[in-house]
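Chemist: Handing you this structure, nothing more for now.
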Amino acid sequence: MGPVSFLPKYQKLSTWKGDLVKMTHLQAGLSPETIEKARLELNENPDVLHQDIQQVRDMIITRPDIGFLRTDDAFILRFLRARKFHQADAFRLLAQYFQYRQLNLDMFKNFKADDPGIKRALIDGFPGVLENRDHYGRKILLLFAANWDQSRNSFTDILRAILLSLEVLIEDPELQINGFILIIDWSNFSFKQASKLTPSILKLAIEGLQDSFPARFGGVHFVNQPWYIHALYTLIKPFLKDKTRKRIFLHGNNLNSLHQLIHPEFLPSEFGGTLPPYDMGTWARTLLGPDYSDENDYTHTSYNAMHVRHTSSNLERECSPKPMKRSQSVVEAGTLKHEDKGENENTQPLLALD
């Protein structure tokens, strides 16, 4: 009589490793731990992966009004992962992805890193992307809001730079499964700057990031936000899903609450972390290529994003870099700011303001 197997409902990781020979090529390169995470959290099953993808592809015929310019397996898979393999939801997100691009054609003309507007935004640190991932394997994106020079960068170009960056990052299957974290530092963000955040452009950003992009956002963290950022919430609240609202946190000056969710060893010193201050040119150099330097007007395109016909741009504005303001939240590595009296409400999700 052979050994009796008492496997739980979900197989142990060691057993799952034994099935790696059955993995589809679409999971190639993923660590066994990530494959297990995808199975448990996203309902990803390698035995029926191709069938799941085909069922989403079969729905395309129901939306003849949309030009689905990419429908390969790897592309559709990222939408299934973003919607935990609910096929109808994944198709809805896929349709919204292309519909958003059809409705905002100007945003996706010359949609590449060396487009003058996108390049300026990248050079100015929109967005920042940390090299290492957090303890959950999530990529951390940074925005230092006060660095928005409104005479130099339009909000649309900043949004384009963020969307392009996400397009590059989402090519990594590990990030399709583990997702992203966004930290926004509002230090020195003036009321005048905030007044430029109109409902229409905020709606454009929310539609592009929440409703039309296949990424899993594990949290959006506000740090050092002034009172008028709370007021802005009333403008964007109608456009936010409940799930999104629950993942937005206002920490104020209380970095202890931030560190409860993102460990200090994964954060730069601006956020009380143990890493060096963030170099604003890091991500720009990554996208523009190894020969890029802040002093040169580099025109090589390492990522020519996709699916939208490129048209020539008439933009001739200056792309030279400017000195960046540094966040006023900088503290010594390993030092935490302590919670101020009466600041508890700032550490709650925005939903708590309801």
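The values are calculated or read from the model by the stated rules, or taken from the named source; none is laboratory data. The structure presented is a predicted model; accordingly, all values stated were derived computationally and were not measured. Every residue, glycine among them, receives a Cβ derived from its backbone with ideal geometry; neighbour counts consider all protein chains shown. The area values use the complete protein model at the heavy-atom level, side chains included, leaving out ligands, DNA and RNA. Shrake-Rupley method; radii C 1.70, N 1.55, O 1.52, S 1.80 Å.
Chemist: At q = 0.10, 0.14, 0.16, 0.19 Å⁻¹, what base-10 log of I(q)/I(0) does the Debye formula yield for the range 112-290 when every alpha carbon is treated as an equal point scatterer in vacuo?
Modeler: Debye output, listed in q order: -0.36, -0.75, -1.03, -1.59.
Chemist: Let's test the formula: R0 of 35 Å, r as the Cβ-Cβ distance of residue 55 and residue 201. What FRET efficiency results, to the nearest 0.05?
Modeler: On the way: r = 36 Å, r/R0 = 1.04.
Efficiency for this residue pair is about 0.45.
Chemist: Can you list residues whose amide H is under 5 Å from residue 217's amide H, if they're 5+ apart or on another chain and H is modeled 1.01 Å from N?
Modeler: Distant-sequence amide H within range of residue 217: 180.
Chemist: Can you tell me the convex hull volume per residue for the range 86-158, based on C-alpha atoms, in Å³ to the nearest whole number? Intermediate results must be reported in sequence, preceding the final value.
Modeler: On the way: hull volume 9.5 nm³, N = 73.
Spread over its residues, the Cα hull of the range 86-158 gives 130 Å³ apiece.
Chemist: Per the 1.4 Å probe, what fraction of the accessible area of the range 26-103, in percent, lies on carbon and sulfur atoms?
Modeler: On the way: 1790 of 3430 Å².
The value for the range 26-103 is 52 percent carbon and sulfur by accessible area.
Chemist: Tell me, what HN-Hα J-couplings in whole Hz come from the Karplus equation 6.51 cos²θ - 1.76 cosθ + 1.60 at θ = phi - 60° for each residue of the range 143-150, using x for Gly and Pro?
Modeler: 10, 9, 4, 5, 6, 6, 8, 6
Chemist: At 0.36 nm per residue, minus the direct Cα-Cα distance, what do residue 282 and residue 239 gain on full extension? Give it in nm, one decimal, please. Kindly include the intermediate steps, with their values, before the conclusion.
Modeler: Values: separation 43, 0.36 × 43 = 15.48 nm, distance 3.22 nm.
That pair, residue 282 and residue 239, stretches by 12.3 nm at full extension.
Chemist: If you count only protein heavy atoms with a 1.4 Å probe, what accessible area per residue comes out for the range 116-201, rounded to a whole Å²?
Modeler: Heavy-atom accessible area per residue stands at 29 Å².
Chemist: Right, another one. In whole angstrom, and with the biggest value first, how far do the Cα coordinates of the range 26-103 range along each principal axis?
Modeler: Between the extreme Cα coordinates on each principal axis of the range 26-103 lie 40, 21, 19 Å.
Chemist: Using a 1.4 Å probe over the heavy atoms of the protein chains, calculate the carbon and sulfur portion of the accessible area of the range 112-290 as a whole percent. Please report the intermediate quantities before stating the final value.
Modeler: Details: 3540 of 6000 Å².
The C+S portion of the solvent-accessible surface of the range 112-290 is 59 percent.
Chemist: Give me the number: length gained by fully extending residue 73 to residue 265, i.e. 0.36 nm times residue separation minus the C-alpha to C-alpha distance, one decimal in nm. It would help to have the intermediate numbers written out before the result.
Modeler: Values: separation 192, 0.36 × 192 = 69.12 nm, distance 3.65 nm.
Length difference between fully extended and current span is 65.5 nm.
Chemist: Suppose R0 equals 30 Å. What FRET efficiency, 1/(1 + (r/R0)^6) with r the Cβ-Cβ distance, do residue 31 and residue 88 give to the nearest 0.05? All intermediate terms of the calculation are to be shown ahead of the outcome.
Modeler: Numbers: r = 30 Å, r/R0 = 0.99.
With a Förster radius of 30 Å, E is 0.50.
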